[in-house]
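Working notes, structure below.
Computed from the coordinates by the stated procedures, all read-outs in this text should not be read as laboratory data. The shown structure was predicted, so the numbers you read here are calculated from the model rather than taken from an experiment. Counting neighbours? That spans all protein chains shown, and the Cβs are built from the backbone with ideal geometry, glycine included.
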Amino acid sequence: MQKVTLCKSNHYPHTNSACIKSRLCVTTDTNKQLFEGSAAAKCFTSWQLTQSQRRSCKTPAMLTSHLLLRAAVLGFTILQALASSTFIAAVYEHAVILPDVTDKPVSPEEALALMNKNMDVLEGAIEEAAQQGAHIIVTPEDGIYGWRFTRETIYPYLEDIPDPAVNWIPCTDPTRFAPAPVQERLSCMARQNSIYVVANIGDKKLCNSSDPSCPSDGRYQYNTNVVFDPEGKLVARYHKYNLFRGETQFNYPKEPEAVTFQTPFGKFGIFTCFDILFHEPAMVLVNKLQVDTMVYPTAWMNVLPFLTAVEFHSAWAMGMGVNLLSANTHNIGTAMTGSGLFTPEGPATYHYNSETEEGQLLVAELSAHPRLSPTYPPAVNWSLYATSIGKFPGGNDTFSGAVRRDIFTFSHLKYKDGNYTVCQGDLCCHLVYQMSNQSKDEVYVLGAFDGLHGSLIKYHWQVCTLLKCKSADLNTCGQPVETAETKFEMFSLSGTFGTNYVFPEVLYSEVQLAHGEFEVLQDGRLKSKHGTSKPLITATLFGRLYEKDLPHPLRTPMQQ
């Protein structure tokens with residue numbers, strides 16, 4: 001990947017001045033070109049500038065040389081090609097200011113006052129991201145009004161969000177539709193900072209008895225993501241399809257929406273929180289619509305050992321081969337923390353902090369088209385190695401243990417090194433390992449799970465895991481644990497997965513990712529590269545068999 005550097009004014013590209021006063025440089029790893037001497041070079045018209053800024057750029061009449069014009073056009077073609085190979089992304093983990101719990105709806109004025117308090121914080125983060133050169137920023141699910149609502153009490157916080165096809169800039173035309181002060185302010189944040197802004201708000205849509213699915217109160221209410229481009233135009237709207245338990249204030253869309261938006265730095269898809277665990281819309285966006293990057297507002301409650309936010313979201317980006325811009329809410333009382341900018345090669349940057357109540361801005365440069373990157377991981381046959389070998393001789397003594405409500409088959413790793421096989425259902429998990437400094441008080445197991453997960457919404461997992469138990473008592477295996485002392489010289493984990501959707505996770509003590517310290521081979525083995533630099537909590541291959549999910553119990557028959 002070539003790194004692009006632009007000579008720029010102090011605040012470019014987030015300046016009100018469209019013209020670069022001195023010169024424009026394009027620097028790559030292999031060459032350096034300097035374009036100067038023309039207004040075309042000083043006042044360039046690439047995608048970073050807004051339309052109003054471009055209109056303010058004028059070419060002096062004295063520049064009539066055809067040769068100079070051709071050179072400038074060629075220069076800008078090269079510039080745009082280089083600039084669009086990477087982009088700078090930001091996510092903000094927001095400590096949301098929550099409303100008071102109430103059984104009665106507050107007034108619209110009170111609702112807007114609370115939302116403005118949260119938007120004040122988000123605006124500061126957006127401005128800071130823009131100053132650091134970010135082209136897009138993602139903010140969290142529930143980041144503007146929180147989550148303490150019934151269907152009635154959330155209503156004052158909702159706005160009617162139109163289809164982006166209406167070509168609307170709320171910042172410059174706020175009265176075109178019904179009052180929408182939240183959309184207007186978000187639009188202005190994007191426009192004033194020349195940045196794409198992704199936010200999560202609530203949409204309301206009136207309905208009547210002619211619609212047999214219309215709720216009794218005459219309206220649909222949706223958990224909704226919106227995207228505003230650097231001019232402040234609404235370019236995407238997505239209604240969350242997989243609502244988490246407790247989101248009774250919202251309706252399910254009648255059909256899953258596969259929403260994308262095009263930028264000069266790649267094709268983006270969008271979904272929300274619980275959506276990431278299901279086929280629609282996530283798999284449709286990646287496999288059918290071939291997005292480069294997913295924007296992902298979430299309010300994710302961490303669940304060890306497999307589903308902490310940074311652990312699973314990084315694994316998902318690697319397993320799916322796309323960028324994932326994950327912005328979590330921050331509320332340690334509900335175990336919400338963990339945001340990141342994740343790539344197919346691992347995390348570009350991430351944040352996890354369960355000790356403070358402060359928000360966090362993350363900014364990093366990413367590949368705009370990761371599939372075209374020379375470092376893009378090759379395709380993996382997730383069952384090739386595991387199905388080509390017989391069972392390892394070790395690990396014949398197995399026992400059952402619960403990871404939350406899922407009953408795993410475990411085998412105790414009794415020695416510092418060994419080869420083990422554990423099977424459950426159609427899944428056999430193989431492990432080769434060598435510990436470097438096993439603590440005498442720590443116990444590790446190899447575990448397998450092949451079955452339905454979930455109490456109400458049931459979906460099918462296949463999981464192979466090398467896992468630290470909470471204590472030396474085998475009855476604690478599968479219980480949450482955040483710290484460890486044992487390191488491994490090596491491990492190699494594989495499984496006879498019945499799916500191509502497998503997500504590789506390696507989690508170290510203190511909930512730290514093992515970026516760059518493991519690899520996935522084309523035959524499906526998850527291997528350490530040179531041993532673990534930190535004590536290991538888990539190394540896991542997390543598979544999803546979407547075709548074995550049970551029908552959703554909360555959607556109407558027409559939505560199945």
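Things to note:
- Region 156-246, Rg to Rh (Cα coordinates; Rh as Kirkwood inverse mean 1/r): 1.01
- At 1.002 mPa s and 20 °C, Stokes D of region 77-161 from Kirkwood alpha-carbon radius, µm² per second: 143 µm²/s
- Label-point separation in nm, Thr175 to Leu550, each point 7 Å along Cα→Cβ: 5.5 nm
- Spatial separation of Cα centroids for region 238-281 and region 171-234, in angstrom: 15 Å
- Projected-area mean, region 372-520, by convex hull of Cα positions, square nanometres: 10.0 nm²
- The value given for region 446-560 is a Kirkwood hydrodynamic radius of 15.7 Å, derived from the mean inverse Cα-Cα separation.
- All Cα-Cα separations within region 381-453 were binned at 5 Å from zero, giving a P(r) of 3, 16, 25, 22, 19, 11, 4, 0, each value a whole percent of the pairs.
- Three-way shape call for region 326-443 based on the alpha-carbon gyration tensor, with the a/c threshold at 1.5: oblate
- Over 18 Å (Cα to Cα) - which of Lys391/Lys487; Lys240/Lys267; Lys470/Lys527; Lys414/Lys529; Lys458/Lys548; Lys391/Lys470 fall in this group: Lys391/Lys487; Lys240/Lys267; Lys470/Lys527; Lys414/Lys529; Lys391/Lys470
- By definition, a body whose alpha carbon gyration tensor gives a ≥ b ≥ c is prolate when a/c is 1.5 or more and a/b is larger than b/c, and region 226-270 fits this prolate description.
- Two-decimal Rg/Rh across region 372-415, once Rg and the Kirkwood Rh are taken from alpha-carbon atoms: 1.18
- Rg/Rh for region 263-387 (Cα atoms only, Rh after Kirkwood) is 0.98.
- Nonlocal amide H pairs with Val303, under 5 Å, H built at 1.01 Å: Thr308, Ala309
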